[in-house]
Amino acid sequence: MIPVRPLPAYLTQRYQGWHATTFHENKPWYRRLAEDGQHPRAMVISCCDSRVHVTSIFGADQGEFFIHRNIANLVPPYEPDGDHHGTSAAVEYAVQVLKVAHLIVLGHSNCGGVQGCYDMCSGNAPELEEKSSFVGRWMDILRPGFDGLPEGGDAPERRRKLEHAAVITSIRNLMTFPFIGEGVEKERLSLHGLWTDIGEGTLLALDAESQDFHPV
Ligand SMILES: [Zn+2]
């Protein structure tokens, strides 16, 4: 037997409400989405954090964004080693099959994954150093970002810089995928780095020249 249980009532009720209203009122739109397939213009790579709500801040509809979420919005370097690479698979599908025009990496404030990386690299989270820690090994992607943090600043400031570094690291790693480097060079694909402050509702964009983040 597979150990599954019925959905809790609050989810069943919400689903039924959505089906009776939003879905029912827009049935032809959903039919068209099903028949025409998806043609998203952009892929967004964001954190799993439940407070990061990509479709809400961009007012997006179904079919508009190809979204991949993982801990701390990280993209690993290109490693064609035959292992399981969920993020790389999503990136490959978006660029090679869906042919999205924009790849957006969206970081955020108060990121628990980045905090974990900060603690681990500061020697304050030995459990994350264990080989068996999936979070720890995933956050290894951001170690070079921690090592590259400028001197000085208090801990909250340095953690924020590390959140920004997570976005920059992901953009750099995206460029190690041959089909992305080629897409950028031939101007078929543009990369974007963003960071949002959850409490303030602000959105900052990574500037290529200064390698700093500025308000959108
Ligand atoms: Zn996060």
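The values are calculated or read from the model by the stated rules, or taken from the named source; none is laboratory data. Computed from a predicted model, the values in this text were never measured in an experiment. Ideal geometry is used to build each Cβ from the backbone, glycine not excepted, and the neighbour counts take in all protein chains shown.
Filter the range 99-114 down to the residues that are among the hydrophobic types (A, V, I, L, M, F, W, C) and more than 8 Å from the ligand (Cβ to nearest atom) and list them by number.
V100, A101, L103, I104, V105, L106, listed by residue number.
Against the conditions (1) within 16 Å of the ligand (Cβ to nearest atom); (2) free of Cβ contacts under 8 Å to residues at least 24 places away in the same chain, P80 satisfies every one except (1). Looking at G145, is it within 16 Å of the ligand (Cβ to nearest atom) and in the same structural domain as T196 (by the TED database)? Judged against the criteria, G145 is a match. Does the range 159-177 contain at least one residue that is at pLDDT 95 or above, surrounded by fewer than 12 Cβ atoms within 10 Å (Cβ to Cβ) and more than 17 Å from the chain's Cα centre (by Cα)? No - not one qualifying residue is present in the range 159-177.
Residues being in contact (Cβ under 8 Å) with a residue 24 or more places away in the chain, at negative phi and within 16 Å of the ligand (Cβ to nearest atom) are entirely absent from the range 171-187. Counting the residues of the range 50-77 that are away from the ligand (no atom under 16 Å from the Cβ), assigned to a loop (DSSP other than H, G, I, E, B) and free of Cβ contacts under 8 Å to residues at least 24 places away in the same chain gives 4.
For the range 83-97, which residues satisfy the criterion of being touching a strand residue (DSSP E or B) at 6+ places or on another chain (Cβ under 6 Å) and touching a residue at least 60 places away in the same chain (Cβ under 8 Å)? Residues satisfying the conditions do not exist here. Scanning the range 181-196 for residues that are surrounded by fewer than 18 Cβ atoms within 10 Å (Cβ to Cβ) and over 15 Å from the mean Cα position of the chain (by Cα) yields G181, E182, V184, E185, K186, E187, R188, S190.
The set of residues from the range 117-152 being small (G, A, S) and surrounded by 12 or more Cβ atoms within 10 Å (Cβ to Cβ) comprises A125, S133, G136, G145, G148. For the range 137-152, state whether one or more residues are in contact with a helix residue (DSSP H, G or I) (Cβ under 6 Å, 6 or more places away or on another chain) and of a type in the set (F, W, Y). Checked the range 137-152: at least one residue is in contact with a helix residue (DSSP H, G or I) (Cβ under 6 Å, 6 or more places away or on another chain) and of a type in the set (F, W, Y).
Listed here are the residues, each with its yes/no results for (1) surrounded by 11 or more Cβ atoms within 10 Å (Cβ to Cβ); (2) modelled with pLDDT of 95 or more; (3) over 19 Å from E182 (Cβ atoms).
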residue	(1), (2), (3)
T21	no, yes, yes
H39	yes, yes, yes
A42	yes, yes, no
Q62	yes, no, yes
V95	yes, yes, no
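Within the range 1-15, being surrounded by 10 or more Cβ atoms within 10 Å (Cβ to Cβ), of a type in the set (A, V, I, L, M) and not in a loop (DSSP other than H, G, I, E, B) holds for one residue alone: L11.
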